[in-house]
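Student: This is the structure I want to talk about, given as structure tokens.
The values are calculated or read from the model by the stated rules, or taken from the named source; none is laboratory data. Remember, it's a predicted structure, so these values are computed and weren't measured experimentally. Cβ: placed from backbone, ideal geometry, glycine included. Neighbour counts: every protein chain shown.
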Ligand code: AP5
């Protein structure tokens, strides 16, 4: 069963998905993380996706379908938190085609205003070793530039440069926002206010999930 976690770049989807996986028993599936893994491995998918991602554009639906099938697996009993997919209405329909094994029970929109999004993205740093995410001022590590969890070096994501951020926000407005209407039409849409501390937002998400029925 799938909980879709959607929202603009920098809304906190990855941060909250990690918390829900660690504390609420979900399995996190992030198409962004999966693509970055392919880029690191220099796989054929990674080689096709790398430049597209760095520009802040969307990778093709065909590649994403391959990633989705690879990452979801066949276990229909799992509670999966899907971060970063669907990103357009065609992808939402593709996900519907897997309804038999992986039904979507809710699409949660983590809603954050544009000023805060740019602030979060410009200060984000990610561990090059374990992938843990920090922010230089909002959620800093104990030692600047060093991961609390594994001691790895923190880096800026290549798509967090100003020009890529601008493209990602514009792609979100034109292409991903219609997905919210798609789920609203199916009665599966829920909005959660993404402003506030990480813990505050986590509390709001838990509240939103608590009313749901999982098989
Ligand atoms: P992806 O990795 O999915 O990137 P994104 O959607 O742009 O989202 P981000 O990872 O930037 O942000 P987030 O919402 O996870 O925020 P985070 O928790 O890190 O995709 C990357 C690329 O892959 C795409 O551009 C595209 O090219 C490709 N791609 C992926 N999926 C695709 C698909 N389905 N179709 C086509 N292409 C696809 O938080 C951000 C910062 O804020 C962090 O520093 C964090 O510490 C901080 N923060 C988080 N929450 C809070 C809080 N409550 N208070 C203060 N700071 C906070």
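Student: Name the residue, out of 129, 99, 88, that is within 19 Å of residue 171 (Cβ to Cβ) and surrounded by fewer than 21 Cβ atoms within 10 Å (Cβ to Cβ).
Tutor: Going through 129, 99, 88 in turn, the sole match is 88.
Student: Another question about this same structure. Has the stretch 45-67 got any residue that is in contact (Cβ under 8 Å) with a residue 40 or more places away in the chain and away from the ligand (no atom under 11 Å from the Cβ)?
Tutor: Within the stretch 45-67, not a single residue is in contact (Cβ under 8 Å) with a residue 40 or more places away in the chain and away from the ligand (no atom under 11 Å from the Cβ).
Student: So, in the stretch 104-125, how many residues would count as being within 13 Å of the ligand (Cβ to nearest atom) and surrounded by 19 or more Cβ atoms within 10 Å (Cβ to Cβ)?
Tutor: Within the stretch 104-125, residues that are within 13 Å of the ligand (Cβ to nearest atom) and surrounded by 19 or more Cβ atoms within 10 Å (Cβ to Cβ) number 9.
Student: Further question on the same structure: In the stretch 104-155, what count of residues is obtained for those that are touching a residue at least 12 places away in the same chain (Cβ under 8 Å) and part of a strand (DSSP E or B)?
Tutor: Count: 18.
Student: Does residue 158 fit the bill of being within 9 Å of the ligand (Cβ to nearest atom), within 27 Å of residue 57 (Cα to Cα) and modelled with pLDDT under 95?
Tutor: no
Student: Mind listing whichever residues of the stretch 1-17 are more than 8 Å from the ligand (Cβ to nearest atom) and either farther than 17 Å from residue 179 by Cβ or at pLDDT below 95 (or both)?
Tutor: 1
Student: Let me ask something else about it. Residues that are out of contact with any strand residue (DSSP E or B) (no Cβ under 6 Å at 6 or more places or on another chain), more than 9 Å from the ligand (Cβ to nearest atom) and within 17 Å of residue 201 (Cα to Cα): does the stretch 70-88 have at least one?
Tutor: No, every residue in the stretch 70-88 fails to be out of contact with any strand residue (DSSP E or B) (no Cβ under 6 Å at 6 or more places or on another chain), more than 9 Å from the ligand (Cβ to nearest atom) and within 17 Å of residue 201 (Cα to Cα).
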